[in-house]
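**Student:** I'd like to ask you about the structure that follows.
The values are calculated or read from the model by the stated rules, or taken from the named source; none is laboratory data. Note that the structure is predicted; figures quoted are calculated from it, not measured. Cβ: placed from backbone, ideal geometry, glycine included. Neighbour counts: every protein chain shown. With ligands, DNA and RNA removed, areas are computed over all heavy atoms of the protein, side chains included. Shrake-Rupley method; radii C 1.70, N 1.55, O 1.52, S 1.80 Å.
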Amino acid sequence: MSTHDTHSHELEPHGDGTLPDRFENPGHPEHHQRLGDLDPKANKKAERQVLALFTVSVVGTIAFAVAYFALGDPTTDPTKIASATRTENLWLGLTLAFALLGIGTGAVHWAKTLMNDHEMSEERHAIASDAESREAALQALQDGAEDSGISRRGALKGAVIGALALFPITIALPLIGNIGGDWNVGKLKHTMWKKGTRLARDPSGRAIKASDVTIGSVFHVIPENLEEAEHPLDEKAKAVVLLIRLDPRDIKSEQGEGWSYDGIVAYSKICTHVGCPVALYEQQTHHLLCPCHQSTFDVADSAKVVFGPAKRALPQLPITIDDEGYLIAQSDFHEPVGPSFWERKK
Amino acid sequence: MTTTSTPTPAAKAAGATADYLDQRTGIGVVVKTFARKIFPDHWSFLLGEIALYSFVTILISGVFLTMFFVPSMGETTYTGPWSSMQGVEMSQAFSSTLRLSFEVRGGLLMRQVHHWAALIFMAAIVTHMMRVFFTGAFRKPRELNWVVGFTLLILGMLAGFSGYSLPDDVLSGNGLRIADGVIKAVPLIGSYTSYFVFGGEFPGQELIPRLFTVHVLLIPALILALIGLHLLFVVLHKHTQYPGSGRTEKNVVGYPVLPVYAAKAGGFFFVVFGVIALMGATMSINAVWNYGPYDPSPVSAGAQPDWYMLFLEGSLRLMPGQAEFVTWGGYTVSANIIIPAMIVPGILFTMLAAYPFIEAAVTGDRREHHVLDRPRNRPFRTAFGVSIVVAFFILALAGSNDLIATHFHLSINDITWAFRVLIFVGPWLSFVITKRICLGLQRKDRELVLHGHETGRIVRFASGEYIEVHKPLDAHERWLRVQHEAIRPLEIEPAEDSRGVRRKGYALDRMRQRVSQVFYEDRVEPVTPAELAASHSHGEHDALEADVHEPTQVGGGSHLVEPDAETGAEGRNPQI
Amino acid sequence: MKALAARRHDRRAPIVLLLLALLLTGGLYAVLAPTSADAAAAAPSASDIQTGEKLFQANCATCHGPSGAGTASGPSLIGVGAAAVNFQVGTGRMPAQQNGPQIEAKPVQFDDEQISQLGAFVASLGAGPAVPTEDQVDPSKGNSANGMALFRTNCAMCHNAVGAGGALSRGKFAPKLWETSPTHLYEAMLTGPQSMPVFSDTNLSPDEKRDIIAFISEQGDVAPGGLDLGSLGAVSEGLWAWIVGIGLLIGAAVWIGAKSS
């Protein structure tokens, strides 16, 4: 048998014997006094705690100033710059944190323990304006439209809209005209590799001999004349190449006849997915892995995609050697390098 | 003033100032309305404040940084104290960032505070958004405020992306390269848009100064304006409140701005700033001297963007590459980039932004709502929200797949495949599970109301019967569990009127009804006084026959509101 | 005598005695315990090669073949040189025990003398890279700025910007470099173990290798900004922002919203 105390009033039947459809809101619960409200000693203690917290903040600020001057310049000893910076960062930061947290916790503790915590209630009014105001607003707009005469003068309406719609062209034209540089998107299709350009080490720029490249090694390559370009970084963003030597018997296919030299192959380093450098060479599987989205290319098989979100193989750079034994390009890539774009095959 | 004694000098001065202002601005009315305005008190209402205060922290630390940062891609050679960068060619942006970190006293602290604050800003927005979603605070009249908040989310992401790209280091530079690749994938205008953004080919010389303007001027201006609007709405609509005794749709119960909220909210600002300062003091973030100045050739393992962009990263990693194709005219359509980078996020974000309007259309509810929902009382909405969160979470995990691989010694390829499956299965499964949990919790609430708390006291009657004593809920406990409305599927006018003429607009209504059934068919209704009375009259069989005495069970097949079923006398469908 | 006896019952006496005993034991051990062989090896003698061969037959021939020419289970070691042996055996990777996507470092099974003997034997099979000298791997002689530039281009994509390690495909990975000895770093670059490419001296010159070693030796130490959180980048930063930042702040919010007692 469940032991009830008295039934709550929601269960008392109505005068006609029926129960209400839904329960009714019982109204505000009783207010609980805090310890600080009942006991003056507890109240005093809370006040002292708030004072202490604000004092912590002041101490923190003073400590910040002391640390700032006492710690001095971390660059005085370059060999210890890392630990000196770390010390400065730690002390300035900790003292700052205390200066702030002292104020924050002090204010909150004050509000929680000492300020009047009786819950109060405020009425909500409907958000919408009353019917009268809405009428008046509507009338005001209508009167305004009447006075302007715009409803009768259709041509004026069209003209004002037309003029307003057109004038942004005065800003947009020079902005858009200049913002895209020379707008020559055709440059995306070519790189600075030409017939005879020597392959050089990145970043030093020293040319590479075929005999330098051993089986299992990978060289990161730039055109030898990269620094002479007008915009070296822009050119580098298209021209970087990976040079890998495989055992010629392991090469299953390549993108063009005679494009490799004695097992040395050169492929574009720019991923055909969204353009990260495909830099990870796994020697044993001869796969190139891009660290950004894990597109994987098989160097021994025309660098075609074996996993990941890329679709196209890495473009191959046709190479050979010049009469001094240095590796040179036979020509530019035979297709645009890097990520796909709408007109890349045109 | 309530005293009748002579006012103190300070009080006199304050009075004079107030009078001066009021004579010129009429500010008295505002002060009257606002000073003792009531705000309800709950910790979950402070989540938005975490976002606001971390934004203020961002502004303060950001101004400091702008005093030293040089937004230029002009080349310079480093001659500062950090030894592993000695003699290295780099942009002025990168060089000034190194200077901020090592030569400006407190500069590294400000950089770290700024970046931690940005991460917390985004995390707080997401947490706050979840609270608003799961409690239904986006319902009328607050739908517009939801849209404003959603826009703030997007602006925050853009602010973060533009911000961490400013130092022009290898990690963020590769992020920009990826952004360029995504832009180029846009059909027709992709390459032109790329030129638009970068001022020519990638990387160009224009990007960092442009990002600086975006990051320091355009986006903060928009964010501040929208925050102003967001807070204006909160004041206009008054804050929502959790259900409870004494709280109705027509009142706000809480504490006044002066002094309680001023102290708590003001104090919280200092707490937020203080916690961020603590993090900036002790935890290293964005150590660009380790990444090096941007160059298109190098890249580091573990190449990920800041956490709030990870869903995009994961999306790009999961998509198989075969989707790219060349059209009949020889034009390349990179569906393998368009789908993960534009379509999937587009769908997820649109669903999120439009949800208030979808739910309003489905329920047909045009009333104002100021009392919040307990998430369990809205199973479909809660389950839907969880599945969206799970979708984003799975994408974020997919974006960290190489770190998962190294930490748990797994194959990155297997992880990718697992997430390719999970991105479809996960949200669906979490929807089903969450909905069932909500319904289960609602049933538990019913049990509690009908039968009270188990006290653990066993009583044996002389007849030999054992029962457990239950303590009934008091009025306040009970109110919390019975105050919600059971939303039922839409009832619509029948297909034909009394003369057998088919009604126009019936097909649309029928579709709305079907959608509403998906939302609200499975439900547990709150206990009514009649049910409670009935359970009391059968009190001695409390523990045994509970199932039998519940007149209103979970809605299910047998209680479908079928328009094709027999219509009642009034021509309307049978009531449950 | 009496004064001493009077002090003998001081309650701190046992502790002092214990400390003295420990000092004595420790000191004796340091003096008398055998030291490991010096890393700089003298030219291998014929007996070294013979002992090496015996070790080889007992521990390596099963997979690498009795003449080191390789079998289905292990590649040929002809021409890999003493450097490869010093690396593989010196980091415990060899003898390989477990099958998996890659052979991982584990506790070293041989002492330095045995390793150099194995190296001498393998070197005798065919000319290959030799173990580098102390001078070649001395971090203090390298230029860490140049080392970082080289590391950034050639190594960071697998090993992470500061050598914290990274993932490769199919469960393989590039390990963390912070605890690897300078000699082993040099040898790994030179011989290209497992998936790692071969950085021969024509690719990265000996000086450049030393510069890279100088750079790596400075990593994993003091992070100027505080705790380095693993130096793993934005993902770990985001994780900690949620755990520490949002965790603490939600905690503060709960405190603020709670009614005071």
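**Student:** Exactly one condition in (1) more than 7 Å from chain A (Cβ to nearest Cβ); (2) in a loop (DSSP other than H, G, I, E, B); (3) farther than 30 Å from B:Ala418 by Cβ is false for B:Val275; which is it?
**Tutor:** (2)
**Student:** Could I ask something else about it? How many residues does the range C:116-128 hold that are open to solvent by 20 Å² or more (accessible area, probe 1.4 Å) and either within 14 Å of chain B (Cβ to nearest Cβ) or within 22 Å of the chain's Cα centre (by Cα) (or both)?
**Tutor:** Qualifying residue count for the region: 1.
**Student:** I'd like the full set of residues that are touching a residue at least 24 places away in the same chain (Cβ under 8 Å), within 29 Å of B:Ser194 (Cβ to Cβ) and not small (Gly, Ala, Ser), limited to the range A:260-294.
**Tutor:** A:Tyr267, A:Lys269, A:Ile270, A:Cys271, A:Thr272, A:His273, A:Val274, A:Pro277, A:Val278, A:Tyr281, A:Leu288, listed by residue number.
**Student:** Failed condition for C:Pro224, given (1) buried (at least 17 other Cβ atoms within 10 Å of the Cβ); (2) farther than 15 Å from A:Ala82 by Cα, with all others met?
**Tutor:** (2)
**Student:** Which ones in the range B:190-211 are more than 9 Å from every other protein chain (Cβ to nearest Cβ) and either out of contact with any helix residue (DSSP H, G or I) (no Cβ under 8 Å at 6 or more places or on another chain) or open to solvent by 60 Å² or more (accessible area, probe 1.4 Å) (or both)?
**Tutor:** Answer for the range B:190-211, where residues must be more than 9 Å from every other protein chain (Cβ to nearest Cβ) and either out of contact with any helix residue (DSSP H, G or I) (no Cβ under 8 Å at 6 or more places or on another chain) or open to solvent by 60 Å² or more (accessible area, probe 1.4 Å) (or both): just B:Pro209.
**Student:** Another question about this same structure. Does the range A:81-99 contain at least one residue that is more than 8 Å from chain B (Cβ to nearest Cβ), open to solvent by less than 90 Å² (accessible area, probe 1.4 Å), among the small types (Gly, Ala, Ser) and within 30 Å of B:Pro141 (Cβ to Cβ)?
**Tutor:** no
**Student:** Can you name the residue in the range A:215-242 that is within 9 Å of another protein chain (Cβ to nearest Cβ) and open to solvent by 50 Å² or more (accessible area, probe 1.4 Å) and, of all such residues, is nearest to C:Met196 (Cα to Cα)?
**Tutor:** That would be A:Ile215.
**Student:** Looking at the range A:19-35, is at least one residue under 30 Å from C:Gly220 (Cα atoms) and either in contact with a strand residue (DSSP E or B) (Cβ under 7 Å, 6 or more places away or on another chain) or at the interface with another protein chain (Cβ under 9 Å from one of its Cβ atoms) (or both)?
**Tutor:** no
**Student:** Would you point out which residue out of B:Asn377, B:Asn401 is more than 14 Å from chain C (Cβ to nearest Cβ), buried (at least 22 other Cβ atoms within 10 Å of the Cβ) and not small (Gly, Ala, Ser)?
**Tutor:** That would be B:Asn377, the only listed residue that is more than 14 Å from chain C (Cβ to nearest Cβ), buried (at least 22 other Cβ atoms within 10 Å of the Cβ) and not small (Gly, Ala, Ser).
**Student:** So which residues in the range A:316-346 are aromatic (Phe, Trp, Tyr) and open to solvent by 10 Å² or more (accessible area, probe 1.4 Å)?
**Tutor:** A:Tyr326, A:Phe333, A:Trp342
**Student:** Quick one: how many residues across the range C:155-197 are part of a helix (DSSP H, G or I), among the polar types (S, T, N, Q) and within 14 Å of chain B (Cβ to nearest Cβ)?
**Tutor:** 1
**Student:** Taking the range B:233-248 as the search range and keeping residues that are among the β-branched types (Val, Ile, Thr) and assigned to a loop (DSSP other than H, G, I, E, B), which one is farthest from B:Val482 (Cα to Cα)?
**Tutor:** For the range B:233-248, the residue satisfying everything is B:Thr240.
**Student:** Determine the pairs where a residue that is more than 7 Å from chain A (Cβ to nearest Cβ), located within the range B:328-351, has a partner that is small (Gly, Ala, Ser) and part of a helix (DSSP H, G or I) with Cβ atoms under 7 Å apart, the partner being 6 or more residues away or on another chain.
**Tutor:** From the range B:328-351, the pairs are B:Ala335/B:Ala323; B:Ile339/B:Ala323; B:Pro340/B:Ser315; B:Ala341/B:Ser315; B:Val344/B:Ser315; B:Pro345/B:Ser315; B:Leu348/B:Ala391.
**Student:** Still on this model: For the range A:255-273, give me each residue that is under 28 Å from B:Ile178 (Cβ atoms), touching a strand residue (DSSP E or B) at 6+ places or on another chain (Cβ under 6 Å) and either surrounded by fewer than 19 Cβ atoms within 10 Å (Cβ to Cβ) or among the aliphatic types (A, V, I, L, M) (or both).
**Tutor:** Result: A:Val265, A:Ala266.
**Student:** Restricting to the range C:198-226, and then to whatever is within 13 Å of chain B (Cβ to nearest Cβ) and in contact with a Ser or Thr (Cβ under 6 Å, 6 or more places away or on another chain), can you tell me which residue is modelled with the lowest pLDDT?
**Tutor:** The qualifying residue modelled with the lowest pLDDT is C:Val222.
**Student:** Output yes when any residue across the range A:174-195 is within 30 Å of B:Lys184 (Cα to Cα), more than 14 Å from chain B (Cβ to nearest Cβ), under 43 Å from the mean Cα position of the chain (by Cα) and charged (D, E, K, R), and no when none is.
**Tutor:** yes
**Student:** Could you go through the range A:126-133 and let me know if any residue there is more than 9 Å from every other protein chain (Cβ to nearest Cβ) and part of a loop (DSSP other than H, G, I, E, B).
**Tutor:** For the range A:126-133, residues more than 9 Å from every other protein chain (Cβ to nearest Cβ) and part of a loop (DSSP other than H, G, I, E, B): present.
**Student:** OK, next. Go through the range B:291-313 residue by residue and tally those that are over 20 Å from A:His220 (Cα atoms), open to solvent by 20 Å² or more (accessible area, probe 1.4 Å) and within 7 Å of chain C (Cβ to nearest Cβ).
**Tutor:** The total comes to 2.
**Student:** Suppose we filter C:Val131, C:Val137, C:Val89 for residues that are under 20 Å from C:Thr180 (Cβ atoms), open to solvent by 40 Å² or more (accessible area, probe 1.4 Å) and either under 15 Å from the mean Cα position of the chain (by Cα) or modelled with pLDDT of 90 or more (or both); which single one remains?
**Tutor:** Just one listed residue meets the conditions, C:Val131.
**Student:** Inside the range C:59-127, counting only helices (runs of 4 or more DSSP H) that do not spill past its ends, which hold 2 or more residues that are in contact (Cβ under 8 Å) with a residue 60 or more places away in the chain, more than 30 Å from B:Ile412 (Cα to Cα) and not assigned by TED's automatic domain parsing to the domain that holds C:Pro197?
**Tutor:** C:81-90, C:112-125
Per-residue answers, yes or no, for (1) within 14 Å of chain C (Cβ to nearest Cβ); (2) touching a Leu at 6+ places or on another chain (Cβ under 7 Å):
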{"position": "B:Gly26", "(1), (2)": "no, no"}
{"position": "B:Lys32", "(1), (2)": "no, no"}
{"position": "B:His42", "(1), (2)": "yes, no"}
{"position": "B:Phe55", "(1), (2)": "yes, no"}
{"position": "B:Phe68", "(1), (2)": "no, yes"}
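**Student:** Any residue in the range C:243-259 that is without any contact (Cβ under 8 Å) to a residue 24 or more places away in the chain and at the interface with another protein chain (Cβ under 7 Å from one of its Cβ atoms) sitting within a Cβ distance under 6 Å of a residue that is open to solvent by 40 Å² or more (accessible area, probe 1.4 Å) and in a helix (DSSP H, G or I)? List the pairs, counting only those 6 or more apart or interchain.
**Tutor:** Close Cβ pairs (under 6 Å, with a partner that is open to solvent by 40 Å² or more (accessible area, probe 1.4 Å) and in a helix (DSSP H, G or I)) amount to C:Ala253/B:Trp43; C:Val254/B:Trp43; C:Gly257/B:Trp43.
**Student:** If I filter the range A:32-63 down to residues being over 38 Å from the mean Cα position of the chain (by Cα) and among the small types (Gly, Ala, Ser), which single residue comes out as modelled with the highest pLDDT?
**Tutor:** A:Ala52
**Student:** Provide a single number: the residues in the range B:454-500 that are of a type in the set (Phe, Trp, Tyr) and open to solvent by less than 60 Å² (accessible area, probe 1.4 Å).
**Tutor:** 1
**Student:** So for the range A:102-120 (the condition being part of a helix (DSSP H, G or I), touching a Ser or Thr at 6+ places or on another chain (Cβ under 9 Å) and open to solvent by 40 Å² or more (accessible area, probe 1.4 Å)), does at least one residue qualify?
**Tutor:** Yes, the range A:102-120 has at least one match.
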